[in-house]
Amino acid sequence: MAFALSLPSLPKKYQPAAIWALYIIGLSPGVWYFYLAATGGLGFNPVKEFEHLLGTWALRFLCLGLVVTPLRDLFNVNLIAYRRALGLIAFYYVLAHLAVYLVLDRGMVLSSILGDILKRPYIMFGMAGFVMLIPLAVTSNRWSIRKLGSRWNTLHKLAYPILIVAVLHFFLARKSLTLEPAFYISVTVILLGYRLIRPAIMARKRTNRATKTARAVSRQSPQ
């Protein structure tokens, strides 16, 4: 069942400016946290807090990127033009999160980094998510879409396992099922569960459209 909510789309001539605004707004929290970390505003352990905040925003934008499709399917809210920006913002946060971990937390000491990865499963999940994000970020441009064709959509289905390992990384890093990880686990289950039932929902929408079209044609036909 689709809801009868429809919001007007932004005219195409304004979309580039809106996308740039999304980048600015989306990356602003990271810039603010960097300022706080540099000025002693993140408490007694600023490195860990900075790392945590960047990771949380990465997870938020990963979720937002997967919200676009159900919004369009169920509410006729078309934000497809902004999905690529949401994905890239998520990648930038993951990249910053990883950079803080490697440089500030581990001091770029390879033995320390490898030991941490082998000792802590949540680090493995985080690294796996980052590796899978790289081809998505590299191909998030019009040239790649044209070059890859249908393979582009197949490749970008990596967003699903990326979200799974990201939420596992987030949960295991907290070491307990508190409200925050429970919320993101629930969101992940809903977003990925929707993908399983989406074919049936879309088939029903197509059937309903065909029925309405047939009725309209029937009413217009001469008796």
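With respect to ILE113, determine if the residue is closer than 18 Å to THR69 by Cα and without any contact (Cβ under 8 Å) to a residue 40 or more places away in the chain.
Here the answer is no, as ILE113 does not meet what is asked.
May I ask you to list the residues in region 64-103 that are within 21 Å of PHE170 (Cβ to Cβ), crowded, with 19+ Cβ neighbours inside 10 Å and among the small types (Gly, Ala, Ser)?
Passing the criteria: GLY65, GLY87, ALA90, ALA96.
So is PRO121 closer than 27 Å to ARG83 by Cβ and open to solvent by 30 Å² or more (accessible area, probe 1.4 Å) or not?
No.
Kindly provide the set of residues from region 136-166 that are surrounded by fewer than 13 Cβ atoms within 10 Å (Cβ to Cβ), assigned to a helix (DSSP H, G or I) and either in contact (Cβ under 8 Å) with a residue 40 or more places away in the chain or not polar (S, T, N, Q) (or both), ordered by number.
Listed by number, the residues that qualify are VAL138, ARG142, TRP143, ARG146, LYS147, ARG151, LYS157.
Restricting the search to region 7-55, which residues are in contact with a Phe, Trp or Tyr (Cβ under 9 Å, 6 or more places away or on another chain) and open to solvent by 50 Å² or more (accessible area, probe 1.4 Å)?
LEU7, LEU27, PHE34, GLU49
Given the conditions (1) farther than 21 Å from VAL67 by Cα; (2) modelled with pLDDT of 95 or more; (3) open to solvent by 50 Å² or more (accessible area, probe 1.4 Å), and given that GLY126 satisfies all but one, which numbered condition is not satisfied?
Result: GLY126 passes all but (3).
Taking the conditions exactly as written (closer than 17 Å to GLU51 by Cα, more than 22 Å from the chain's Cα centre (by Cα) and of a type outside the set (A, V, I, L, M, F, W, C)), does LYS205 satisfy them or not?
Answer is no for this residue.
Please state which of the following conditions GLY115 fails to meet, knowing it meets all the rest: (1) more than 30 Å from PRO11 (Cβ to Cβ); (2) surrounded by 14 or more Cβ atoms within 10 Å (Cβ to Cβ).
(2)
The values are calculated or read from the model by the stated rules, or taken from the named source; none is laboratory data. Keep in mind the model is a prediction, meaning the values are calculated, not measured. Methodologically, a virtual Cβ is constructed for each residue, glycine included, from the backbone with ideal geometry; neighbour enumeration extends over all protein chains shown. Accessible surface areas use protein heavy atoms only, side chains included; no ligands, DNA or RNA. Shrake-Rupley method; radii C 1.70, N 1.55, O 1.52, S 1.80 Å.
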